[in-house]
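The values are calculated or read from the model by the stated rules, or taken from the named source; none is laboratory data. Keep in mind that what you see is a predicted model, and the values were worked out from it rather than measured. Neighbour counts are summed over all protein chains in view; Cβ atoms, including those assigned to glycine, are modelled from backbone coordinates with ideal geometry. When the accessible area is computed, the model is the full protein with side chains, heavy atoms only, and any ligands, DNA or RNA have been set aside. Shrake-Rupley method; radii C 1.70, N 1.55, O 1.52, S 1.80 Å.
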Amino acid sequence: MAEQTSTANAWPANPADLIPQGRKRLGWGLLAIATLFLLAIIVVQILYKTEMSTVGFDTWRPVVYAYILWGAALGAWQVLTRGEDGQRALFLLPALLFTIAMVIFPTLFGFYIALTDWNLSSFTGRRFNGLDNFWQMLADPYYRNALFNMVLYVLAVLVEYVVAFGLALLLNAQIRARKFFRVVFLLPLMLSPVAVSWMVGKSLMEYRFGPAATLARYLGWDNPAFFSDPITARISIMMLDAWTFIPFMMIMLLAGLQAMSREVLEAARVDGANAWQTFWQVTFPLMLPVSVTAVILRIIFKLKLADIIITLTSGGPGGATDSVSSFIYREYRDRSNVGYGTMLAMAYLIIIVVFVTWLLKVASRFVRNVN
């Protein structure tokens, strides 16, 4: 019995411990060689791209071949060092290689471009300039104005949430033609923001002959120029963007209301709660997880706001309606400034990652405290 106990204790808890050390060293050696070869090809590609065009380094094809070889070595390393666990990990390898090639590498390359002076209209080509673009970004009043506008646009999500919740409550009630109104309210979500910009912004809100401008004159507004005054232009952009995406929040909230237990609402009515008390003390707390999800998703969409602004105002008047995305787009399109535009984009990416991470933590803590 004692011998069986000692044998059981001596059996390795990890199956990888059964793999011979020579096999593991072979796996690590293959991975190290493939990694060094890939790094060497990348360095040669960057440093000698023009000088070695005769041996194939005029394109990124050698890097692609070296990357494929590195992926094969990575799979072999998994199998040689982990055995059956490594074979199961091979099913995740294509997704990992795709993510590295399409997300991580372009991001790293973007950070490199952000440290260069690269204007497509210049004959000098790309030139490394360190942190000059970063200092220029900090001193750029138009970029700071775009960040300030993004704060206003994100705060407008709270108003959109109130409207969307009201519409969801209305469509969840027993009203006539309820299915018809659901389809009607979803129509803006089916349209492209560019189509909304032309159909509503360029046509209905046109200064001279637009129906909205004509109605505004009839109501006493002498100069109904929706996009010439900075404050009015911002509000107009917010309204058009809200009209497009409020149905998105509404349909999520409506799904949450329909999934809510009817017995809970009936119990609240039996206890004597009126409509407002039932909503505030029962419906709203139960809908809080759905509400937080809808608001966070809407904020993520809002952080990418650009198409309506580009189509209607091009950031005007004087950059008053610019979002960060539209400002970066115009930096690329109008000024052909790839280096500085990439620096703006990388800085905005870091801001978004930090802000959304903080927002998710705060939302999770808030829902947990309320529940």
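Based only on Cα atoms, what mean projected area does the convex hull of the range 79-186 have, in nm²? Working shown, then result.
On the way: hull surface 63.0 nm².
That works out to 15.8 nm².
What is the projected area of the convex hull of the Cα atoms of the chain, averaged over all directions, in nm²? Working shown, then result.
Details: hull surface 130.3 nm².
Result: 32.6 nm².
Write out the chymotrypsin sites (Phe, Trp or Tyr not before Pro) in the range 145-224 meeting two conditions: DSSP loop, and at most 15 other Cβ atoms within 10 Å of their Cβ.
The qualifying sites are 207, 209, 221.
Take every Cα-Cα pair in the range 140-212 and report what % of them are more than 14 Å apart. If you can, show how the numbers build up before the last one.
Numbers: 1992 of 2628 pairs.
Pairs farther apart than 14 Å: 76 percent.
Which one of 309, 328, 300 has the biggest mean-square fluctuation once the chain is modelled by GNM with Cα springs under 10 Å?
Ranking 309, 328, 300 by mean-square fluctuation puts 300 first.
Relative to the Cα centre, what is the charge dipole magnitude of the range 142-288, using +1 at the beta carbon of each Lys and Arg, -1 at the beta carbon of each Asp and Glu, and rounding to the nearest 20 debye? Before the final figure, lay out each step's value.
Details: 11 positive and 8 negative charges, 66 e Å.
The calculation lands at about 320 debye.
Kirkwood hydrodynamic radius, computed over distinct alpha-carbon pairs, for the range 203-309: how many Å, to one decimal?
On the way: mean 1/r = 0.0584 Å⁻¹.
Computed over Cα pairs of the range 203-309, the Kirkwood hydrodynamic radius comes out at 17.1 Å.
Tell me the Kirkwood hydrodynamic radius of the range 230-277 in angstroms, computed as one over the mean inverse distance between distinct C-alpha pairs.
Computed over the range 230-277, the radius equals 13.7 Å.
Based on DSSP loop calls and a cut-off of at most 11 other Cβ atoms within 10 Å, the longest stretch of the chain free of exposed trypsin sites (Lys or Arg not before Pro) is what? Could you put the intermediate results ahead of the total?
Details: sites that count: 176, 208, 304.
Free of exposed loop sites, the longest segment is 1-175.
Per the helix-only calculation at 222 nm, which mean residue ellipticity applies to the chain, given -39500 (n - 2.57) for every DSSP H run of n ≥ 4 and division by its residues, nearest 500 deg cm²/dmol? Let's see the in-between values first.
On the way: 18 runs with 252 residues, N = 371.
Helices in the chain give a 222 nm mean residue ellipticity of -22000 deg cm²/dmol.
What number results when the radius of gyration of the range 124-166, computed over Cα atoms, is divided by 2.2 N^0.38 Å? All intermediate terms of the calculation are to be shown ahead of the outcome.
Values: Rg = 17.9 Å, N = 43, 2.2 N^0.38 = 9.2 Å.
Taking N as the residue count of the range 124-166, the ratio is 1.95.
For a quick check, take a GNM of the chain with Cα springs below 10 Å and name the residue from 292, 264, 196 with the largest mean-square fluctuation.
In the Gaussian network model the winner is 264.
Which of these, 140, 322, 271, has the largest mean-square fluctuation under a Gaussian network model of the chain (Cα springs below 10 Å)?
Among 140, 322, 271, the largest mean-square fluctuation in the Gaussian network model of the chain belongs to 271.
Over the chain, what percent of the accessible surface lies on carbon and sulfur atoms, probe 1.4 Å? Write out the running numbers ahead of the final one.
Details: 15500 of 22260 Å².
Carbon plus sulfur share of accessible area: 70 percent.
Determine how many Å³ per residue the convex hull of the Cα atoms of the range 158-200 encloses. Write out the running numbers ahead of the final one.
Working: hull volume 3.5 nm³, N = 43.
So the per-residue hull volume is 81 Å³.
Got a sec to turn the phi values of the range 22-31 into Karplus ³J(HN,Hα) couplings, 6.51 cos²θ - 1.76 cosθ + 1.60 with θ = phi - 60°, whole Hz, x for Gly and Pro?
With coefficients 6.51, -1.76 and 1.60, one gets x, 5, 5, 4, 4, x, 5, x, 4, 5 Hz.
What do you get for Rg/Rh over the range 287-361 if you use C-alpha atoms and the Kirkwood form of Rh?
Numbers: Rg = 14.6 Å, Rh = 13.7 Å.
Using Cα coordinates only, the ratio equals 1.07.
Using only the C-alpha atoms of the range 237-371, find the volume of their convex hull and express it per residue in Å³. Display every interim value, and only then the final one.
Values: hull volume 16.5 nm³, N = 135.
Here the figure is 122 Å³ per residue.
Taking only protein heavy atoms into account and a 1.4 Å probe, give the accessible area per residue of the range 161-293 in Å². Mind dumping the intermediate values first?
Working: 7880 Å² over 133 residues.
Roughly 59 Å² per residue, with all protein chains present.
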